[in-house]
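Visitor: Pasting in a structure now, in structure tokens, and then I'll have a few things to ask.
The values are calculated or read from the model by the stated rules, or taken from the named source; none is laboratory data. This is a predicted model, so every value here is computed, not measured. In this analysis, Cβ positions are derived from the backbone assuming ideal geometry, glycine residues included, and neighbour counts consider all displayed protein chains.
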């Protein structure tokens, strides 16, 4: 696919690579367009993996190689393409991370001239916990609760909604109030709860049947009375009717200056830099699930020392199945390598202990529920008085929509529903339903890291303490920004009302022994594809050529078709359908590392050079 010309980010910083990735990176770095020290950012489709350096790539082929299509299609029983550019967006954000981290390092006296990353590494990062769970030596599958569909649920007045709760009793109360017998609800709850881990949720058919007999208002009333959180699926026209968070950029602002006359506390300067850009930076992290832990993990990969604050007894994720080396693999894959300390923040003595840790830190990051920081007197303003060089980062759910949406649990699926993501994910002709892949959680973690890096850079420029605010909502809007902006401007290309308009070659194609993805842009590329597989272009137009190409692939070995098409310069890839096999693939093995010799996780996605 096309490469973008070098784009100027600051007077000394250029970013090169695939245009779809570079455009994202340039937008994310635009707020730092100043005269600071610059670096060269290089992004490629496949990076240092075992693919030829000139291999053509595309969003679709990268989704295929890294396993995203397989995860997205688990419930359908076949790989499915994600209709939004999740890999390109993540790669652009990661490229921005590398550039800003290198700029921080240069201000600290470390010579960093360039940073490299790839879309493939971004895609593998998006499948982190799915691959970790797939490669666990102690694998485990929950009981099957039924053969019916999972969330969202239909209503009698033509609406759809998602449900969220952490309480199995609230789950039972809701369904029993609607008339579902309780005998299978416990097994269904297990499957529902683990949909975040497995990207699949097949529930008893009667759950959909019963909601289809009630209106949305009736279901919402029952949910409120039962203690469940319910969110209606919205669509793009409604999303565009009210101002949103735009590109989902972090909100980074300086905190009030330390009052005159007070003696300074906290760090008086950064330790000498080490081999990685953030070596010597100290992070205190009080987070759970994915968004916050992933931000801390990325900072650690950039060289920071991360201390994870856990509740007494440890994070509940440590006990979840399957395990890797005796610890819950889902927890471990996001928190590996971090130092840990258990603190009871419900007690004044525990909060005082946390303050002491923050005094000696550069960054404090949390994803507490709204109001909790104020309740505990651990706000940015409070902690800046004890550490006047602190970067205080809050990773929230709803961001500036908290007042409107605070009654809905801020997790992946309600956020997807609220922003109308099903419209952008699914092509015309398919239901506009949310994605089981946790694209919002992962991207929100990356953007939380982005905000922290930006604040650290601004601190190096201007000193003082800084606050960064990011959210799941902002991440969802960042992923959809190009689609929504094109829809608002009536300049859609390849979409209609935000929905992808796909032809025969835009879906994974069944081959003789697997699935193949082919990205064809324009008539010339289509002609090359046909010639590569020994086809003459039909006289009755491109659509006939695409159908003929799909039919030819259906009877051929996938690897043979892939080789011929790639040799002809056509982006093409066999779909990875077995995530457990990815770390053993000789083309990908260098991009994984062992997790306590019990599973595999993606390596750091950056390479820095002096």
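Visitor: Somewhere in the range 216-226, is a residue part of a loop (DSSP other than H, G, I, E, B) and either in contact (Cβ under 8 Å) with a residue 40 or more places away in the chain or under 16 Å from residue 153 (Cβ atoms) (or both)?
Guide: No.
Table: residues versus (1) surrounded by fewer than 20 Cβ atoms within 10 Å (Cβ to Cβ); (2) out of contact with any strand residue (DSSP E or B) (no Cβ under 7 Å at 6 or more places or on another chain); (3) within 21 Å of residue 103 (Cα to Cα).
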site: 456; (1), (2), (3): no, no, yes
site: 461; (1), (2), (3): yes, yes, yes
site: 472; (1), (2), (3): no, yes, no
site: 477; (1), (2), (3): no, yes, no
site: 480; (1), (2), (3): no, yes, no
site: 488; (1), (2), (3): yes, yes, no
site: 491; (1), (2), (3): yes, yes, no
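Visitor: With the condition being under 23 Å from residue 127 (Cβ atoms), I'd like the helices (runs of 4 or more DSSP H) fully within the range 345-464 carrying at least 2 qualifying residues. First the steps, then the outcome.
Guide: Numbers: elements: 348-359, 372-375, 380-386, 402-405, 412-418, 421-425, 439-462.
Of the helices (runs of 4 or more DSSP H) lying wholly inside the range 345-464, those with at least 2 residues that are under 23 Å from residue 127 (Cβ atoms) span 412-418, 421-425, 439-462.
Okay, residues lined up against (1) surrounded by fewer than 24 Cβ atoms within 10 Å (Cβ to Cβ); (2) over 25 Å from residue 475 (Cα atoms); (3) in contact with a helix residue (DSSP H, G or I) (Cβ under 7 Å, 6 or more places away or on another chain); (4) at pLDDT 95 or above:
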{"site": "317", "(1), (2), (3), (4)": "yes, no, yes, no"}
{"site": "321", "(1), (2), (3), (4)": "yes, yes, no, no"}
{"site": "343", "(1), (2), (3), (4)": "yes, yes, yes, yes"}
{"site": "351", "(1), (2), (3), (4)": "yes, yes, no, yes"}
{"site": "359", "(1), (2), (3), (4)": "yes, yes, yes, yes"}
{"site": "368", "(1), (2), (3), (4)": "yes, no, no, yes"}
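Visitor: Could I ask something else about it? Could you pull out the residue among 207, 216 that is crowded, with 21+ Cβ neighbours inside 10 Å, over 29 Å from residue 128 (Cβ atoms) and over 23 Å from the mean Cα position of the chain (by Cα)?
Guide: 207
Visitor: Let me ask you something else. Go through (1) under 23 Å from residue 118 (Cβ atoms); (2) surrounded by fewer than 20 Cβ atoms within 10 Å (Cβ to Cβ); (3) at pLDDT 90 or above one by one and return the number of the condition residue 513 breaks.
Guide: The single condition residue 513 does not satisfy is (1).
Visitor: Out of curiosity, is residue 39 surrounded by 24 or more Cβ atoms within 10 Å (Cβ to Cβ), at pLDDT below 90, touching a helix residue (DSSP H, G or I) at 6+ places or on another chain (Cβ under 8 Å) and not assigned by TED's automatic domain parsing to the domain that holds residue 559?
Guide: yes
Visitor: Residue 592 fails exactly one of the following numbered conditions: (1) at negative phi; (2) at pLDDT below 95. What is the number of that condition?
Guide: Evaluating residue 592 over (1) at negative phi; (2) at pLDDT below 95 leaves (2) as the failure.
Visitor: I'd like the full set of residues that are touching a strand residue (DSSP E or B) at 6+ places or on another chain (Cβ under 9 Å), over 21 Å from residue 515 (Cα atoms) and not in a helix (DSSP H, G or I), limited to the range 50-105.
Guide: 53, the sole residue that qualifies.
Visitor: Sticking with this structure for a sec: Tell me, please, whether a residue that is touching a strand residue (DSSP E or B) at 6+ places or on another chain (Cβ under 6 Å) and surrounded by 15 or more Cβ atoms within 10 Å (Cβ to Cβ) can be found in the range 531-549.
Guide: There is no residue in the range 531-549 that is touching a strand residue (DSSP E or B) at 6+ places or on another chain (Cβ under 6 Å) and surrounded by 15 or more Cβ atoms within 10 Å (Cβ to Cβ).
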